[in-house]
Every structure is written in structure tokens, then in C-alpha cells.
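Trainee: The structure is given below, and queries will be raised subsequently.
The values are calculated or read from the model by the stated rules, or taken from the named source; none is laboratory data. Just so it is clear, the model here is predicted, and its values are computed rather than measured. No Cβ is skipped: glycine too gets one built from the backbone with ideal geometry, and neighbour counts run over all protein chains shown. For the accessible areas, the whole protein counts, side chains as well, though only heavy atoms, and no ligand, DNA or RNA atoms are used. Shrake-Rupley method; radii C 1.70, N 1.55, O 1.52, S 1.80 Å.
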Amino acid sequence: MKTIRLNIDKALGAVTKRQINALEPKVKKAMDMLHRGTGRGSDFLGWLHLPSSISEAELEAVEATAGTLRRCEVVVVIGIGGSYLGTKAVVEALGNSFDRLREKRENPLLVYAGHQIGEDYLFELCEMLKGVKFGIINISKSGTTTEPALAFRVLKKLLEKNVGKKASKDCIVAVTDRARGALRTLADQEGYKTFVIPDDVGGRFSVLTPVGLLPIAVAGISIRDLVKGAADMEKATDAKTPFAENIASVYAATRNALYAKGKKVEILAGFHPKMHYIGEWWKQLYGESEGKDGKGLFPASVDFTTDLHSMGQWIQEGERIIFETVISVEKPDHKVTIPADRADLDGLNYLAGKRVDEVNKMAELGTRLAHVDGGVPNIRLVMPALNAYYIGQLFYFFEKACGLSGYVLGVNPFDQPGVEAYKKNMFALLCKPGYEKETRAIRARL
């Protein structure tokens with residue numbers, strides 16, 4: 001099988017090959033820290049060899065439970081951050097864009113909850129699920145994170161009302177801690193089917209655990225191809241692979257070299273509209289991993305050509321603090337040929353007989369050239385096709401490069417202390433027991 005390819009030629013100019021290669025010792029040190037577990041956050045390196053260590057028994061267990069849930073018309077995935085973004089990225093990329101509009105679907109409709117606190121959203125979801133035997137995949141290591149815990153409390157009650165408390169147990173799967181936490185306690189008490197979130201895998205690196213594999217399998221997507229792609233990329237980016245041939249090392253070095261030259265924003269751009277949520281997953285991975293200690297590239301994403309008619313102006317002529325990483329998909333799954341029109345009022349007959357994808361490819365090439373001419377360095381990632389195998393490769397590539405890049409930057413890529421700040425204020429404002437002192441302090445501020 002082919003592998004994802006990396007091309008940094010259009011990033012040269014803002015930085016030189018020599019400046020990128022000068023970071024090789026730092027990248028090698030970062031690689032050694034990852035593989036030896038000597039860097040900060042080493043308690044969360046379970047993702048590093050995860051693809052190659054997933055057993056046949058684990059895959060079969062996930063597929064069997066997915067088969068049970070696939071009897072439901074709708075399955076609700078409850079989770080926030082890494083507990084749902086990886087799933088949504090894969091399902092949106094590989095599912096039919098209009099499947100939810102069909103009267104008869106081959107796969108259950110996957111919907112999401114617990115990723116925000118929107119009362120109208122939750123109300124509308126409950127209205128849609130009234131009288132329906134739906135499934136729930138509740139993903140939370142602790143079971144007490146506000147957003148998913150709130151959604152699960154509401155949806156659990158609705159499911160019990162729809163099918164009865166006893167029958168509801170067969171429709172709920174908990175993906176949680178092995179031995180601790182509120183969700184583990186509840187699952188053991190109620191007899192829910194459970195899967196474990198490994199202690200040494202953080203949320204944003206968890207897509208290849210049951211966190212992502214179970215709902216992705218429910219959606220009818222091959223988790224075996226996903227894992228195989230990731231395992232092949234694990235091997236390709238191993239510590240033994242020379243720097244110049246290791247695309248994760250080169251990507252980590254290039255983005256750090258650009259950052260040192262004043263490029264403070266990395267824009268992930270795609271010309272395949274089904275990849276929108278891959279950008280959302282990527283933003284969490286890099287934002288939460290690198291944005292700390294007053295450091296870190298700001299990760300943004302755009303969908304081209306759509307956003308060329310909105311953000312395109314700023315990218316072309318705004319402040320020169322940005323660079324782009326463009327994901328190109330070589331081959332689409334389907335073929336649409338542009339027809340001729342006798343009147344040609346829209347002036348498109350010069351495109352008659354061409355495939356839509358050819359037009360898109362020329363838009364991509366033209367955009368990359370224009371942006372480089374406008375002072376926006378471009379890194380290019382080429383995916384041979386958009387399928388589970390290459391998405392598995394892409395996920396692992398970004399994860400490995402993220403760990404390397406964070407260590408080169410000088411931060412702990414595997415913690416997220418800043419995430420707790422809003423929670424403390426929210427709990428104080430809601431008068432949560434145990435936060436009395438904080439409640440008094442924040443009320444005094446207000």
C-alpha cells in the first residue's frame with residue numbers, strides 16, 4: 001500500500017532547508033524522549049505503540065458490540081473533545097453526505113451529545129428520540145465531566161421511558177476507566193456493557209481506542225483498515241527511521257522552524273469538503289498539546305474552495321504571521337463529468353467533458369501558488385485516497401508529529417492545565433458543593 005506523502009518545498013523561502021535540518025538534533029532528542037518515556041507527560045504515551053498492539057480479540061469485542069448497537073435506528077455518542085471529535089472526523093469523511101435524509105439507511109444514524117451545553121440542541125434531540133429505541137455510547141473516563149454527564153442523565157431517563165429500565169441496559173455501552181470513577185461505578189451497578197479507556201492514553205490521542213473504534217464500527221466503517229493504516233504509519237515514523245525519511249520528524253521540524261521565524265498561526269486547509277471534522281480533530285490535538293507556557297502555534301482550519309470566498313482575502317493579503325498545511329486527496333471515490341450546454345450562458349463549455357475533480361485540483365494548485373506568492377509558506381500532505389486506511393495513517397502521523405513538536409517547543413504535549421480554569425469558575429457560579437470559597441470570591445468580583 002502507498003503511504004501519505006509530505007512535501008515542504010513551498011515552505012522554503014520563509015525558512016531554509018538548512019534551518020529545518022538544524023533542528024534535527026532537537027527532533028531526535030524529542031524522538032528519544034518519546035520512545036524511552038523520559039520526557040514530561042510520559043505517563044500518557046500509551047498511544048505511541050497502540051496501533052500495533054491492538055489484538056484480534058479486542059477488535060472482535062468491539063465489532064460484536066457494534067453489531068448489537070447497529071440494530072438501533074439511532075445511536076447517540078456522548079462525549080466531549082477527543083471523546084467525540086475523532087469519531088465525527090472519520091464518520092463525516094467516509095459516510096454518505098446525505099445519508100441522514102434517506103428513509104432507509106444501511107447504518108444507524110449517529111448523533112452526538114455532551115459536546116456542549118445547548119438546551120435547545122438537547123431538547124430537539126430528545127424530541128427526535130421520543131418513542132425510539134435508541135442506543136447510547138457514553139464516553140467519559142470520570143463520568144463527572146459536566147457536559148457529557150448532563151447529557152447522559154437526560155438521555156438515560158428518556159431511553160428508560162421509551163423502552164423500560166430493564167431493556168434500556170442492553171442499549172447502553174459505557175467507555176470509561178478500568179476501575180474508578182462515577183461512570184464505572186454506575187456501569188457496574190446497572191450491568192452496562194463496558195470498554196476501557198487506557199490510563200496512559202489522553203483524550204485527544206484516544207481515537208484508536210474503543211473511544212473511537214466502537215462508534216466508528218457502529219457507523220459501518222472498517223476499524224481494521226483504520227488500525228492497519230495507523231500501524232503502518234507507526235512503523236514508518238519509528239525512531240529507527242532516518243530524519244530525512246521520517247515525515248513526522250520533518251513536519252515537526254518545519255513547523256517549529258516557521259514558528260521561530262514569526263509564523264504564529266498554522267492553517268490546516270483541505271479541498272475535500274468531507275474532511276471538515278478532520279480539521280476540528282487536528283485543532284484540538286495541536287491546540288491542547290502545544291498551547292501552554294505562553295507558547296504554541298495557533299491552529300486554525302479552512303475548507304476550500306468554500307472559505308476562499310470568505311477567509312481567502314485575509315489569507316492572501318492579511319498579516320504575514322501564517323503558514324498553511326494543505327491536505328490533498330489524489331483520487332475521489334466517484335466520478336461526475338461536466339456536461340456541455342448549447343446556450344453556454346454561464347460560460348462553462350470550456351470545461352465540458354472534464355471531471356469536477358479536475359477543476360478542484362486546478363483550484364487547489366492555483367490557490368497554493370497564489371498563497372505562496374502572497375507570502376504564505378505551504379506544507380503539503382498527499383493522501384492517495386480518502387478511506388479508513390489512509391485516515392488511520394493521517395491520525396497517527398499527526399499524533400506522532402505532535403508529540404515531537406511539543407517536546408521541540410519545550411512544553412509538555414500531554415497535559416492540559418488551562419482547560420480547568422473555566423470549570424472552576426463555572427462550578428463556583430453554579431454553587432457546586434465544595435466550591436463555597438470560590439463562590440464567595442467570584443460573586444465579590446461580579
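Trainee: Among the residues of segment 18-71, write down those that are touching a Gly at 6+ places or on another chain (Cβ under 7 Å), assigned to a helix (DSSP H, G or I) and within 30 Å of Gln416 (Cα to Cα).
Mentor: Matches in segment 18-71: Met33, Leu34, Phe44.
Trainee: Quick one: which helices (runs of 4 or more DSSP H) sit completely within segment 196-260 and have at least 2 residues that are among the basic types (Lys, Arg) and more than 25 Å from Phe323 (Cα to Cα)?
Mentor: 223-236
Trainee: How do the helices (runs of 4 or more DSSP H) wholly within segment 352-446 filter down when requiring 1 or more residues that are open to solvent by 70 Å² or more (accessible area, probe 1.4 Å): which remain?
Mentor: Correct list: 356-373, 420-429, 436-445.
Trainee: Still on this model: For Pro299, only one of the following conditions fails: (1) in a strand (DSSP E or B); (2) closer than 22 Å to Lys361 by Cα. What is its number?
Mentor: The number of the failed condition is (2).
Trainee: Could you say which residue among Glu420, Glu436, Glu358, Glu399 is under 25 Å from Ile327 (Cα atoms), charged (D, E, K, R) and free of Cβ contacts under 8 Å to residues at least 12 places away in the same chain? Spell out the reasoning first.
Mentor: Values: Glu420 fails: under 25 Å from Ile327 (Cα atoms); Glu436 fails: under 25 Å from Ile327 (Cα atoms); Glu399 fails: free of Cβ contacts under 8 Å to residues at least 12 places away in the same chain.
It is Glu358.
Trainee: Looking only at residues in segment 97-107 that are open to solvent by less than 80 Å² (accessible area, probe 1.4 Å) and closer than 17 Å to Lys274 by Cα, which one is modelled with the lowest pLDDT?
Mentor: Among those residues, the one meeting the criterion is Asp99.
Trainee: With the requirement that a residue be of a type in the set (A, V, I, L, M, F, W, C), closer than 30 Å to Thr144 by Cβ and assigned to a loop (DSSP other than H, G, I, E, B), what does segment 72-105 give you?
Mentor: Passing the criteria: Cys72, Ile80.
Trainee: Check whether at least one residue in segment 8-30 is under 21 Å from Phe205 (Cα atoms) and of a type in the set (Asp, Glu), and report yes or no.
Mentor: no
Trainee: Something else about it: Filter segment 177-195 down to the residues that are assigned to a loop (DSSP other than H, G, I, E, B) and open to solvent by 40 Å² or more (accessible area, probe 1.4 Å) and list them by number. Before you say what the answer is, go through the steps one by one.
Mentor: We begin by selecting, within segment 177-195, every residue assigned to a loop (DSSP other than H, G, I, E, B); these are 177-181, 191-192.
Listed by number, the residues that qualify are Arg178, Ala179, Arg180, Gly191.
Trainee: Would you mind telling me which numbered condition in (1) more than 18 Å from Thr68 (Cβ to Cβ); (2) touching a residue at least 24 places away in the same chain (Cβ under 8 Å); (3) more than 27 Å from the chain's Cα centre (by Cα) Val132 fails?
Mentor: Every condition holds for Val132 apart from (1).
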